[in-house]
């Protein structure tokens, strides 16, 4: 049992990991074909796994409806939404457009799905405002630096802000756009690169831990 | 009579030879471009060729080159590119000094044959030529050169990368073997120390914990790291007999997380508390997922929310709703442009590498903890390299040491 549950999966991980790593240094067509094959396999696995996800979704919401838990009414909309997209897709044979215009699927996609997605994305603007308000409450030195940087950026992005800057600090000979450019190109990029270097090294070490079987929590313990 | 015939013949010969010479002068062959060669492009999959010929320092202004390639034995020329005589030299080929000897004294043009002829069989032969144009008129042409591109087995240009990787692997194994003998000091990470507090709070309040693994697939390192953290978090949840919910974006991640959570409950000695719907699929669409999880957080008012993994625009949508619902929030992602949102909306945030380290930190397994030292060492190497690289490049630029600048830049460049 240990062979099937531990050793074989670890061997698969090791062989696949090493081959994928080696393919980075081998430009040959064979290596390119290997990566393409692995990607195809991944897509096939994901497609089958999506069915699992669908079953899980239906099972979870069916339970909520049958047990009448709080907010069970919302679960009905999962099934309504599913049917609202799947039935038109079947009727339209997967086509969104014909010579005469939108099919039922195209209409559902454009006027239901895209509208709802757009609405959700638009909500982000309000959340950014409320988050900005929270972060502008200066409680530490770091928060103060954040506030100053954000304030200059906001000031520079509106004409009124530029006028105020020129009126108050015009004598320095530096426009607000110069300051914004410096903030974006120097401290922001320096911080970002520092984080990215840490992330890259962390990713390499995590990959090595997985390839060499040192990190195997994802398959449970012995 | 004979004299007249001879005179006519002589006149005819003169006129005929004159017209022949004139015709030859008008459509005569162009001069030959010397030194033109076609080679297999090194370090590729066998889909490109490299054309080289010496730079002509005496080329007049307005001189240009045209490159032609054919897949046929005769004719069938396809024009690849046209460029000024001063452009495309050996120094413009983006390869490091240890893998390429091209200089500014020669032209070097890489021709991607698959872009021109699609997929071609191995061993296919191509013919290449270059034409010299002066103010639009053909002045010289190279002799056709044939080449059969071959796939290469090693990217010599990535040798610097390979050496760095081998060094890292060596240190990695040293650290892992060292960990078996001695314990290692690991600095405290506030966000991870707060996990106990968050779960304890949820237990006291009798409210659920939301663990959001993000929208990454299982091939994303941050999602894998998130699965490790989920294992440790759910073990503590099982020990405290609290209640955790894990809404998923990716069905494959859901399947893996189910196993992870089940195993954690088993290890905590609470297999009876495990329910199959702890992990549930929500949607594979970004904003549908965000809307659904937001709805759950708003309705159920969890005591704690964990956002660990790969996040994009939904990061703030989730974290802000969690913050307004009053939950203690701990986030971690390796997407650096989402970090500010988590910083402002969450109580604790793990930055990139801390997310990767979290599984080891929480499990406290010596071998996993020792790997963190490799990360630290890697950062030290980068810091030292950046420091000295900066000094050397600055000195090189100041005193015009182009060779030194090129060596330093090539050594630390990715190919």
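The values are calculated or read from the model by the stated rules, or taken from the named source; none is laboratory data. All of these numbers come straight from a predicted model, not from anything done at the bench. Glycine gets a Cβ as well: all are built from the backbone with ideal geometry, and neighbour counts include every protein chain shown.
Pull up the range B:381-410, narrow it to residues that are within 26 Å of the chain's Cα centre (by Cα) and over 30 Å from residue B:172 (Cα atoms), then point me to the one that is surrounded by the fewest Cβ atoms within 10 Å (Cβ to Cβ).
The extreme case among them is B:406.
If you take the residues in the range B:328-351 that are in contact (Cβ under 8 Å) with a residue 60 or more places away in the chain and within 10 Å of another protein chain (Cβ to nearest Cβ), which one is nearest to residue B:198 (Cα to Cα)?
Among residues in the range B:328-351 that are in contact (Cβ under 8 Å) with a residue 60 or more places away in the chain and within 10 Å of another protein chain (Cβ to nearest Cβ), the one nearest to residue B:198 (Cα to Cα) is B:333.
It is to be established whether one or more residues within the range A:170-180 are in a loop (DSSP other than H, G, I, E, B), exposed (fewer than 12 other Cβ atoms within 10 Å of the Cβ) and either under 30 Å from the mean Cα position of the chain (by Cα) or away from chain B (no Cβ under 14 Å) (or both).
Yes: one or more hits.
When only residues in the range B:251-263 that are touching a strand residue (DSSP E or B) at 6+ places or on another chain (Cβ under 8 Å) and at the interface with another protein chain (Cβ under 10 Å from one of its Cβ atoms) count, which is surrounded by the fewest Cβ atoms within 10 Å (Cβ to Cβ)?
The selected residue is B:258.
Does residue A:202 fit the bill of being surrounded by 12 or more Cβ atoms within 10 Å (Cβ to Cβ), touching a strand residue (DSSP E or B) at 6+ places or on another chain (Cβ under 8 Å) and at pLDDT 90 or above?
Here the answer is no, as residue A:202 does not meet what is asked.
Taking the criterion of being away from chain B (no Cβ under 14 Å) and under 24 Å from residue B:338 (Cα atoms), would at least one residue in the range A:132-140 satisfy it?
No, the conditions are met nowhere in the range A:132-140.
Step by step: first the residues of the range B:370-396, then only those that are more than 11 Å from chain A (Cβ to nearest Cβ) and touching a residue at least 12 places away in the same chain (Cβ under 8 Å), then the one that is nearest to residue B:167 (Cα to Cα). Which residue is that?
B:389
Taking the range B:71-86, which residues are loosely packed, with under 13 Cβ neighbours inside 10 Å and in a loop (DSSP other than H, G, I, E, B)?
B:72, B:73, B:74, B:75, B:76
I'm told residue A:155 meets every condition in (1) without any contact (Cβ under 8 Å) to a residue 12 or more places away in the chain; (2) in contact with a helix residue (DSSP H, G or I) (Cβ under 6 Å, 6 or more places away or on another chain); (3) surrounded by 13 or more Cβ atoms within 10 Å (Cβ to Cβ) except one. Can you identify the failing condition by its number?
(1)
Applying the selection to the range B:97-119, what residues are over 30 Å from residue B:403 (Cβ atoms) and without any contact (Cβ under 8 Å) to a residue 60 or more places away in the chain?
Within the range B:97-119, B:115, B:116, B:117, B:118, B:119 meet the criteria.
Looking only at the range B:54-70, which residues are buried (at least 17 other Cβ atoms within 10 Å of the Cβ) and more than 34 Å from the chain's Cα centre (by Cα)?
If the condition is that a residue be buried (at least 17 other Cβ atoms within 10 Å of the Cβ) and more than 34 Å from the chain's Cα centre (by Cα), then B:63, B:64 are the ones that fit.
Determine which member of the set A:213, A:202 is within 14 Å of chain B (Cβ to nearest Cβ) and not in a loop (DSSP other than H, G, I, E, B).
A:202
Of all residues in the range B:284-327, which are within 25 Å of residue A:195 (Cβ to Cβ), surrounded by fewer than 22 Cβ atoms within 10 Å (Cβ to Cβ) and more than 10 Å from every other protein chain (Cβ to nearest Cβ)?
The one that is within 25 Å of residue A:195 (Cβ to Cβ), surrounded by fewer than 22 Cβ atoms within 10 Å (Cβ to Cβ) and more than 10 Å from every other protein chain (Cβ to nearest Cβ): B:312.
Consider residue B:266 carefully, then state whether it is at pLDDT 90 or above and surrounded by fewer than 17 Cβ atoms within 10 Å (Cβ to Cβ).
In short, yes.
Before we move on, is residue A:81 within 14 Å of chain B (Cβ to nearest Cβ), on the phi > 0 side of the Ramachandran plot and surrounded by 10 or more Cβ atoms within 10 Å (Cβ to Cβ)?
So residue A:81 does not fit the description; no.
Which one is surrounded by the most Cβ atoms within 10 Å (Cβ to Cβ) among residues in the range B:217-244 that are farther than 28 Å from residue B:286 by Cα and away from chain A (no Cβ under 13 Å)?
So the residue we want is B:242.
Can you tell me how many residues in the range A:63-89 are over 24 Å from residue A:108 (Cα atoms) and either in contact with a helix residue (DSSP H, G or I) (Cβ under 9 Å, 6 or more places away or on another chain) or assigned to a helix (DSSP H, G or I) (or both)?
Adding up the residues that qualify gives 9.
Can residue B:135 be described as more than 11 Å from chain A (Cβ to nearest Cβ), more than 37 Å from the chain's Cα centre (by Cα), farther than 20 Å from residue B:53 by Cβ and in contact (Cβ under 8 Å) with a residue 12 or more places away in the chain?
For residue B:135, the condition - more than 11 Å from chain A (Cβ to nearest Cβ), more than 37 Å from the chain's Cα centre (by Cα), farther than 20 Å from residue B:53 by Cβ and in contact (Cβ under 8 Å) with a residue 12 or more places away in the chain - is met.
Could you check residue A:92 against (1) within 12 Å of chain B (Cβ to nearest Cβ); (2) free of Cβ contacts under 8 Å to residues at least 24 places away in the same chain; (3) surrounded by 14 or more Cβ atoms within 10 Å (Cβ to Cβ) and say which number it fails?
(1)
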